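The values are calculated or read from the model by the stated rules, or taken from the named source; none is laboratory data. For clarity, every value in this text was computed on a predicted model and none was experimentally measured. Cβ placement follows ideal geometry from the backbone for every residue including glycine, while neighbour counts extend to all protein chains displayed. Protein only, heavy atoms only, side chains kept; ligands, DNA and RNA dropped before computing areas. Shrake-Rupley method; radii C 1.70, N 1.55, O 1.52, S 1.80 Å.
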4 protein chains.
Amino acid sequence: MTTVTPELVAAAYAALLTGDRAKIAEYWSEDLRFHAPGQHRFAGWHEGLDSFLDYLAGVHVASGGTWQTDVLHSVIGGDHSVELVRVHAVRAGAKPDSTSPFDVLEITGAQISRWEDGKVVEGTAGYFGDGATNANQWWSPIGPNGERRDV
Amino acid sequence: MTTVTPELVAAAYAALLTGDRAKIAEYWSEDLRFHAPGQHRFAGWHEGLDSFLDYLAGVHVASGGTWQTDVLHSVIGGDHSVELVRVHAVRAGAKPDSTSPFDVLEITGAQISRWEDGKVVEGTAGYFGDGATNANQWWSPIGPNGERRDV
Amino acid sequence: MTTVTPELVAAAYAALLTGDRAKIAEYWSEDLRFHAPGQHRFAGWHEGLDSFLDYLAGVHVASGGTWQTDVLHSVIGGDHSVELVRVHAVRAGAKPDSTSPFDVLEITGAQISRWEDGKVVEGTAGYFGDGATNANQWWSPIGPNGERRDV
Amino acid sequence: MTTVTPELVAAAYAALLTGDRAKIAEYWSEDLRFHAPGQHRFAGWHEGLDSFLDYLAGVHVASGGTWQTDVLHSVIGGDHSVELVRVHAVRAGAKPDSTSPFDVLEITGAQISRWEDGKVVEGTAGYFGDGATNANQWWSPIGPNGERRDV
């Protein structure tokens with residue numbers, strides 16, 4: 001049995017940033033189940049690595065590459081790791097000085113992973129405060145004035 | 001100038017049910033702007049008749065044809081008509097006895113139309129009570145247990 | 001039977017601004033039922049004029065007197081009147097330059113009234129777009145950073 | 001420095017159930033900051049043990065004593081503990097067979113605690129899935145039909 005270590009967790013998250021499926025599959029199980037919180041278009045249980053990767057691709061497109069996840073703290077115990085994170089992202093096409101929650105995602109939350117044999121097999125997340133609302137608005141197809149977005 | 005009458009309003013809504021674009025275009029302007037409330041995938045300003053018809057097609061698919069709008073009362077004054085409506089719809093694929101707000105839409109609201117030359121040129125709607133939440137959940141891609149839907 | 005006229009509707013709304021209960025009761029029934037939309041602390045059915053007046057008093061306190069309702073259009077038909085309104089209000093104690101939806105309420109919607117014998121006996125409202133979310137956040141006991149408010 | 005152990009965490013949560021302030025203060029700092037998620041009347045940062053205890057008292061009243069928190073898993077690392085919990089609660093006065101989210105709270109989430117010298121000094125929580133919506137509705141002053149509650 002592989003022990004979950006800070007190095008392993010860091011490597012798993014770093015793999016996601018490469019966009020390299022083979023590299024990602026070293027740390028994230030092909031049978032991964034991941035629950036994205038909220039009501040938005042990527043919310044709910046993603047079954048399998050490909051569905052999870054579709055979600056990450058959606059993150060990249062919707063944010064125009066601005067999505068940034070900072071790990072504030074990492075808690076590891078047994079077969080679970082919990083990352084306390086801050087997420088910042090701006091919607092592709094947003095006006096640079098926009099402060100609208102439909103444009104700017106500014107949330108903190110906890111990302112929970114369960115590991116088996118050195119790979120994440122189940123993940124979920126919860127946002128602190130009223131972050132769920134910000135996430136639902138940011139992911140919605142509408143901009144600050146109710147206009148429908150292209151992306 | 002065409003006067004807005006109860007008969008005209010009724011005919012306009014009846015036309016929508018035919019699904020016949022030419023028939024619909026007799027009452028709904030090609031330049032129609034329609035604002036669907038909420039954060040869901042059809043929310044926001046639909047610009048032009050085709051975008052509005054895409055929304056109606058989405059209603060049909062998501063509800064498996066169960067979407068029903070009952071007009072409780074109609075208020076007509078000048079170039080505006082306001083329909084007080086009750087909407088009932090069940091998500092395609094929902095279990096028959098489900099009471100989940102992700103499956104069952106049960107809302108009341110006001111639908112406002114502005115008319116020019118016998119056609120609706122601008123429409124919007126607002127839901128009463130906490131109907132906005134029910135609508136956002138119903139339209140979301142997730143079912144009662146967080147599973148992602150096919151439709 | 002008293003006919004509902006623009007003058008009567010205007011007088012009813014003007015009476016609310018006086019804060020004079022006797023004056024208000026000339027236009028708003030003692031048995032008024034009023035449904036405030038959303039999930040917030042004044043949401044739901046207010047039964048009786050006093051409950052409605054409590055809500056208005058709450059509006060005044062929470063907004064520090066800044067609550068402003070502009071009637072964009074009035075639609076009158078039979079025993080119903082519908083006011084299309086824009087509401088602007090800033091939470092008491094908010095920073096002057098705040099753009100947070102927890103501080104600034106900026107919504108449009110429809111206010112529906114049913115009249116009997118020259119008085120409103122039932123009222124309800126629905127917000128357009130994603131106004132329901134703004135209203136729930138504005139009315140919540142928290143400020144832009146999650147701090148709990150005094151008011 | 002006191003090490004955070006499963007026994008310490010369990011004792012801290014058990015203390016909350018006693019309702020005994022002195023007992024609770026053995027595990028929860030007088031300077032505790034606790035962030036309740038959402039938009040509802042107890043949402044936001046509770047500063048100090050007394051504000052936190054007010055929240056717990058509110059939980060007891062609103063749920064008529066039915067609030068139950070089951071710890072599904074506990075993750076402890078360094079000065080943090082994370083409890084993965086399932087919460088079930090029924091609103092006081094709800095009909096026994098109600099399935100309305102305004103009556104029945106059924107959520108899972110993560111509760112994060114930071115410890116100093118054997119006491120929790122900071123806590124926060126995030127709900128999984130669309131639990132934030134269920135919590136906001138459950139805590140709202142309205143019942144399934146929009147009626148305002150006594151409690």
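Observations
- Some residue of the stretch B:104-120 being open to solvent by 10 Å² or more (accessible area, probe 1.4 Å) and hydroxyl-bearing (Ser, Thr, Tyr): yes
- If the condition is being in a loop (DSSP other than H, G, I, E, B) and open to solvent by less than 50 Å² (accessible area, probe 1.4 Å), then the stretch D:55-64 contributes only D:SER63.
- So B:HIS46, is it in contact with a Lys or Arg (Cβ under 8 Å, 6 or more places away or on another chain), more than 20 Å from D:PRO101 (Cβ to Cβ) and either open to solvent by less than 40 Å² (accessible area, probe 1.4 Å) or in contact (Cβ under 8 Å) with a residue 60 or more places away in the chain (or both): yes
- Residues being within 13 Å of C:SER81 (Cα to Cα) and open to solvent by 40 Å² or more (accessible area, probe 1.4 Å) - total across the stretch C:1-26: 6
- Search result, residues across the stretch C:18-42 that are within 20 Å of C:ALA110 (Cβ to Cβ) and either touching an Asp or Glu at 6+ places or on another chain (Cβ under 7 Å) or not small (Gly, Ala, Ser) (or both): C:TYR27, C:TRP28, C:LEU32, C:ARG33, C:PHE34, C:HIS35, C:PRO37, C:GLY38, C:GLN39, C:HIS40, C:PHE42
So that you can scan it fast, the table gives a plain yes or no per residue for (1) within 14 Å of chain A (Cβ to nearest Cβ); (2) in a helix (DSSP H, G or I):
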position: B:THR3; (1), (2): no, no
position: B:ALA11; (1), (2): no, yes
position: B:GLN39; (1), (2): yes, no
position: B:HIS46; (1), (2): yes, no
position: B:LEU53; (1), (2): no, yes
position: B:LEU72; (1), (2): no, no
position: B:ALA89; (1), (2): no, no
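- Checked against the criterion of being within 30 Å of A:ALA125 (Cβ to Cβ), among the aliphatic types (A, V, I, L, M), under 16 Å from the mean Cα position of the chain (by Cα) and surrounded by 19 or more Cβ atoms within 10 Å (Cβ to Cβ), the stretch B:122-135 has at least one qualifying residue.
- Matching entry among B:GLY146, B:GLY126 (being at the interface with another protein chain (Cβ under 10 Å from one of its Cβ atoms), closer than 23 Å to C:ALA43 by Cα and modelled with pLDDT of 95 or more): B:GLY126
- If you check B:GLU30, B:GLU106 for being within 15 Å of the chain's Cα centre (by Cα) and not hydroxyl-bearing (Ser, Thr, Tyr), only one passes: B:GLU106.
- Pick from the stretch D:65-78, criterion more than 15 Å from the chain's Cα centre (by Cα) and surrounded by fewer than 18 Cβ atoms within 10 Å (Cβ to Cβ), ranking: nearest to A:THR124 (Cα to Cα): D:HIS73
- Hits in the stretch A:30-52 - residues which are touching a helix residue (DSSP H, G or I) at 6+ places or on another chain (Cβ under 7 Å) and farther than 26 Å from D:THR133 by Cβ: A:GLU30
- Out of C:ALA132, C:ALA110, C:ALA92, sole residue that is under 25 Å from A:VAL104 (Cβ atoms) and in contact (Cβ under 8 Å) with a residue 12 or more places away in the chain: C:ALA132
- Residue match in the stretch C:91-107 (condition: aromatic (Phe, Trp, Tyr), within 14 Å of chain B (Cβ to nearest Cβ) and either under 14 Å from C:SER63 (Cα atoms) or part of a strand (DSSP E or B) (or both)): no
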